[in-house]
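Scroll down for the structure; my scribbles are underneath it.
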Amino acid sequence: MRMLMIVKIPHEKFNAAVEDGSVGRKMMAIAEATKPEAIYYTEFCGHRGAVMVVDLKSPSQVPALAEPWFLAFNADVQFHVAMTPEDLKQAGLDKFAGKWN
């Protein structure tokens, strides 16, 4: 299942990694280990962060994707289902209109 993985990184651990020169190595190692379909670095509410598109075959993959961020940066990680327009079309939203309105 395609998911959006949202990462919010606290300042303290990231700043420490910048200061000791390890931030680039850590970020690249996490990206290589998680193998996202896409990754975009951004900010969330003033914090550094990332948005990744990942494909989960099983919920058991969540720790392998989230733990590197938890351990390296004490980050907050969220997972959100992501649907393509085709996925939404297959959901059959029209059938709910008669039942719920």
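The values are calculated or read from the model by the stated rules, or taken from the named source; none is laboratory data. These numbers were taken from a predicted model, which means no experiment stands behind them. Glycine gets a Cβ as well: all are built from the backbone with ideal geometry, and neighbour counts include every protein chain shown.
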Total residues in the stretch 39-51, condition free of Cβ contacts under 8 Å to residues at least 24 places away in the same chain and either surrounded by fewer than 13 Cβ atoms within 10 Å (Cβ to Cβ) or polar (S, T, N, Q) (or both) | 4
Would you check which residues across the stretch 52-101 are in a helix (DSSP H, G or I), touching a helix residue (DSSP H, G or I) at 6+ places or on another chain (Cβ under 7 Å) and free of Cβ contacts under 8 Å to residues at least 60 places away in the same chain and list them?
-> Pro68, Ala72
Tell me which residues, restricted to the stretch 35-51, are more than 18 Å from Val23 (Cα to Cα), touching a strand residue (DSSP E or B) at 6+ places or on another chain (Cβ under 6 Å) and of a type outside the set (Phe, Trp, Tyr).
-> Pro36, Glu37, Ala38
From Asp94, Asp76, Asp55, Asp87, which residue is touching a Phe, Trp or Tyr at 6+ places or on another chain (Cβ under 9 Å) and of a type in the set (Asp, Glu)?
-> Asp76
Quick one: in the stretch 1-33, which of the residues that are touching an Asp or Glu at 6+ places or on another chain (Cβ under 8 Å) and basic (Lys, Arg) is surrounded by the most Cβ atoms within 10 Å (Cβ to Cβ)?
-> Lys8
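Tell me which residues, restricted to the stretch 52-78, are closer than 23 Å to His11 by Cβ and surrounded by fewer than 15 Cβ atoms within 10 Å (Cβ to Cβ).
Glu67, Phe70, Leu71, Asn74, Gln78
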Restricting the search to the stretch 69-101, which residues are touching a Pro at 6+ places or on another chain (Cβ under 8 Å) and among the basic types (Lys, Arg)?
-> none
Going by the conditions given, is Ala17 at pLDDT 95 or above and either in a helix (DSSP H, G or I) or hydrophobic (A, V, I, L, M, F, W, C) (or both)?
-> yes
Quick one: would you say Pro36 is part of a loop (DSSP other than H, G, I, E, B), within 14 Å of the chain's Cα centre (by Cα) and surrounded by 16 or more Cβ atoms within 10 Å (Cβ to Cβ)?
-> yes
Given (1) out of contact with any Gly (no Cβ under 8 Å at 6 or more places or on another chain); (2) in contact (Cβ under 8 Å) with a residue 12 or more places away in the chain, number of the condition Ile9 does not satisfy = (1)
